[in-house]
Amino acid sequence: MCDGRDPHSRCSVHTQRANFSLGMQPIDNSLFAALTPERWRSTGYRVKFIFTLGVGSVVMWLASRIEPAYGLSRVFLALAAVVSALLVAIAILARPVNRHLPRDKLGQFRTGARDQARP
């Protein structure tokens, strides 16, 4: 039961996880704000929370379907497969698209009119 006497009960573990997650949120948001350019910050937060809440709900649905049929170990294998697929997709999408763009003196790509207007 969820009476709080047993430190290893499911309710206790879930409560500790929830407290840890809520405690990490200000740190996560501060790091995100510090590492995101100011003009992209609102868009970045929007994407972050859509992925956090959207993917989190899909993962819970997936785990509720896999765990009764195959067991908890298969849930972790399925999540590892999803994370691996996401890492491959990120690696593919993060590649430079055009490596033959002219570079300025600092080695940065010059792509826009703003860059070409520099002396």
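The values are calculated or read from the model by the stated rules, or taken from the named source; none is laboratory data. Quick caveat, the model's predicted, so the values are computed rather than measured. When we count neighbours, we look across all protein chains shown, and the Cβ atoms used for this are built from the backbone with ideal geometry, even at glycine.
Residues that are modelled with pLDDT under 85, within 21 Å of the chain's Cα centre (by Cα) and surrounded by 10 or more Cβ atoms within 10 Å (Cβ to Cβ) are absent from the range 93-106.
Cβ separations smaller than 8 Å between residues 6+ apart or across chains give no pair from the range 14-34 residues that are not assigned by TED's automatic domain parsing to the domain that holds F49 and modelled with pLDDT of 70 or more to residues that are loosely packed, with under 11 Cβ neighbours inside 10 Å and of a type in the set (A, V, I, L, M, F, W, C).
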